[in-house]
Each structure stands twice: as structure tokens, then as C-alpha cells.
1. Excluding same-chain residues fewer than 8 positions from K59, which lysines have a Cα within less than 29 Å of its Cα?
2. Which of the listed residues, I63, G113, L25, is farthest toward the dipole's positive end in the chain, when Lys, Arg count +1 and Asp, Glu count -1 at the beta-carbon?
3. In straight Cα distance, which aspartates and glutamates are under 14 Å from K58, not counting same-chain residues fewer than 8 positions off?
4. Report, in debye and to the nearest 20, how large the dipole of the chain comes out about its Cα centre when Lys and Arg carry +1 and Asp and Glu carry -1 on their Cβ.
5. I'd like to know which of V122, V162, Q140 lies farthest towards the positive end of the charge dipole of the chain, counting +1 on Cβ of Lys and Arg and -1 on Cβ of Asp and Glu.
6. Give me the Å³ per residue figure for the convex hull around the C-alpha atoms of the range 100-162.
7. How much length is gained if the chain between I104 and N139 is pulled fully straight, taking 0.36 nm per residue apart and subtracting their Cα-Cα distance, in nm to one decimal?
8. Counting Lys and Arg as +1 and Asp and Glu as -1, each charge on the Cβ, what is the dipole of the range 35-125 about the Cα centre in debye, to the nearest 20?
Amino acid sequence: MEQYITVGRVLSSWGVRGQVKVEPLTDDIKRFDKLKKVYVDTNNSLIPYDVESVLYLKKAFVILKLKNVDSPEQAEKLRGEHLKVSREDAVKLPEGSYFICDIIGLFVFTESGELLGKVVDVLQTGANDVYVVSGDTGNQILLPAIKEVVRQIDLENNKMIVRLMEGMV
């Protein structure tokens, strides 16, 4: 499991005090209210920033003021970078829910033990997520993330057990 979880992506600088406009990459945009520290993923290294203030723009974007980012020019240098939080500071998920970063990379097996492939992406459709599984031959299987299909997720052993419904493969 990853130590840090992505919660947003910097879109641009905002205002004259060095704030950044952030696209939230989390289910709960209000989770930014509780952030005290974020890590900016720059060139594969994580740079910590204390969060000074949080504003919401049109209920779709977050405006963050990060400590020591005090000008539009400094904020602009963060454009395109991902914001992460440590797993300890992440939102606690309800039983049976998982972070997308933990699902991607799992090996997917049928209940009879047949390897179908590896989860390479998670599509968020609104009704339920859909796991994109890529097999050895390059074929892709789309699996709805519902109890009838996903029978077990075992993060410790890096695997998912599924029951295929008619027409899935």
C-alpha cells in the first residue's frame, strides 16, 4: 500500500497572495477543511507544506493557501502537481471501502483460481465504480465494483477474488 494518498491536483495560481486552485481528487471535497499539511509531489519527491487556509470555489474547486507560498509566481510553479496526504491523515473509510490507489495493481482471480489479470484503472461512473482489468494478452475486462461480482479484496496478498457474471468475458 502506498504511504501517501493523492487528494488533489493544482490547476493554477489564484489571487495575489500565492493561493492555488485545486481540483479535488477525493469523494468528499470537505475533507480539505481538516487538512493541516499536504505534500506536493514534485519530480518524484514529496515536499511538505502547512495549509494556512481553505476556501471553496463553486463547490467544485478548492483554494488553498500554503505556508511559504506567498506570490502568484511561487504558486504557479506548483501548477499540475499532485497534492498528497500521509495515510495516517487520510479519511477513515467505512468497512468494505478502499482507496483507488490500493485497488490499482491488485491481481484479479476468479473464485476457481483463474488469473484474469491486474487492475489498471478504476472508472467512477456514479452508480458504482468499474475496475479495468488488463490480462496477459492485452485484453481488458470491465468489472463492476458490486458485491455480486467482487467477492473478496485482500490487500495484504495483493489480490481480488471475483465471480464473473454471464457475458463479462
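Taken together, the values in this text are just the output of simple stated rules run on the coordinates, not laboratory data. Note that this is a predicted model, so its numbers are computed, not measured. So basically every Cβ, Gly included, is an ideal-geometry build from the backbone, and we count neighbours across all protein chains shown.
1. Excluding near neighbours in sequence, the set is K21, K30, K34, K36, K37, K67, K77, K84, K92.
2. Looking along the dipole axis, the top candidate is I63.
3. Cα-Cα hits under 14 Å: E23.
4. Working: 22 positive and 25 negative charges, 151 e Å.
Approximately 720 debye in magnitude.
5. Sorting the options by dipole projection puts first V122.
6. Details: hull volume 4.8 nm³, N = 63.
Expressed per residue, the convex hull around the Cα atoms of the range 100-162 is 75 Å³.
7. Values: separation 35, 0.36 × 35 = 12.60 nm, distance 1.66 nm.
Working it through step by step, the gained length comes to 10.9 nm.
8. Details: 12 positive and 14 negative charges, 76 e Å.
My answer is approximately 360 debye.
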